[in-house]
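Undergrad: Encoded as structure tokens, here's the structure I'll be asking about.
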Amino acid sequence: MKMKIKLDDKHTLNSDGLCCWITADVIAKNGKHYERRISGYMPTFSQCVESYIERKFRSSEATDIVRLKNELEELKEEVRRWKDADKIT
């Protein structure tokens, strides 16, 4: 059995009997909608979220510490909003 929980308007927490992963809703250049896995396939929810954060951090194109700090603050805020996923309409 698989679980799918909407975290916000773009991200979904998924799981199967063994692991959790996060996907994002993406629109391809041809206009087609699909889900893309954006975190590791991890055994716990905490590890899944940590994997997402690490991937976002490693893919940063920041060229100075101030920009990196701002990107990290935005990322923290994004993840904090997931706790309010039950308020999504």
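The values are calculated or read from the model by the stated rules, or taken from the named source; none is laboratory data. Bear in mind that the values here come from a model prediction, so they are computed numbers and not experimental data. Here Cβ is always computed from backbone atoms with ideal geometry, including for glycine, and neighbour counts include all displayed protein chains. Quick note on the areas: whole protein, heavy atoms, side chains included, nothing else; ligands and nucleic acids left out. Shrake-Rupley method; radii C 1.70, N 1.55, O 1.52, S 1.80 Å.
Undergrad: Which of the trypsin sites (Lys or Arg not before Pro) found in the chain are loop residues per DSSP with 14 or fewer other Cβ atoms within 10 Å of their Cβ?
TA: On the way: sites: Lys2, Lys4, Lys6, Lys10, Lys29, Lys32, Arg36, Arg37, Arg55, Lys56, Arg58, Arg67, Lys69, Lys76, Arg80, Arg81, Lys83, Lys87; in loops: Lys2, Lys10, Lys29, Lys32.
Of the trypsin sites (Lys or Arg not before Pro), the ones in loops of the chain whose Cβ has at most 14 other Cβ atoms within 10 Å are Lys2, Lys10, Lys29, Lys32.
Undergrad: A follow-up question, please. Report, to the nearest whole %, how much of the accessible area of the chain belongs to carbon and sulfur atoms, 1.4 Å probe, protein only.
TA: Working: 3650 of 6680 Å².
Taking all protein chains in place, the chain shows 55 percent carbon and sulfur surface.
Undergrad: Continuing with this model, one more query. For a quick check of your reading of the filter: which GluC sites (Glu not before Pro) in the stretch 27-67 sit in a DSSP loop and have no more than 10 other Cβ atoms within 10 Å?
TA: Values: sites: Glu35, Glu50, Glu54, Glu61; in loops: Glu61.
Listed in order of number, the matching sites are Glu61.
Undergrad: With a 4.7 Å Cβ cut-off, tell me which Cys residues in the chain come up empty for a partner.
TA: Cys19
Undergrad: For Lys10 and Glu54, compute 0.36 nm times the residue count separating them, minus their Cα-Cα distance, and round to one decimal in nm. Provide the component values of the computation, followed by the final result.
TA: On the way: separation 44, 0.36 × 44 = 15.84 nm, distance 1.84 nm.
Taking Lys10 through Glu54 to full extension adds about 14.0 nm, to one decimal.
Undergrad: Another one. Would you kindly find the accessible area of Val66, with a 1.4 Å probe and non-protein molecules such as ligands, DNA and RNA excluded, rounding to the nearest 10 Å²?
TA: Counting only protein heavy atoms, Val66 exposes about 90 Å² to solvent.
Undergrad: Can you compute the modelled spin-label distance between Ser46 and Lys69, with each label point 7 Å from Cα toward Cβ, in nm?
TA: Modelled inter-label distance: 2.8 nm.
Undergrad: Starting from the Cα of Lys83, draw a straight line to each of the lysines and keep only those under 18 Å, dropping any in the same chain fewer than 8 residues away.
TA: Excluding near neighbours in sequence, the set is Lys4, Lys6, Lys10.
Undergrad: For the stretch 54-67, take each phi angle, set θ = phi - 60°, evaluate the Karplus expression 6.51 cos²θ - 1.76 cosθ + 1.60, and give the result in whole Hz per residue in order, putting x for glycine and proline.
TA: 4, 5, 4, 5, 5, 8, 4, 10, 4, 10, 8, 5, 5, 5
Undergrad: Report ³J(HN,Hα) in whole Hz for each residue of the stretch 16-24, in order, from the Karplus equation J = 6.51 cos²θ - 1.76 cosθ + 1.60 where θ = phi - 60°; Gly and Pro get x.
TA: In residue order, the calculated couplings are 10, x, 10, 8, 10, 7, 10, 10, 10 Hz.
Undergrad: Rolling a 1.4 Å sphere over the protein heavy atoms, what is the accessible area per residue of the chain, to the nearest Å²?
TA: On the way: 6680 Å² over 89 residues.
Per-residue accessible area for the chain comes out at 75 Å².
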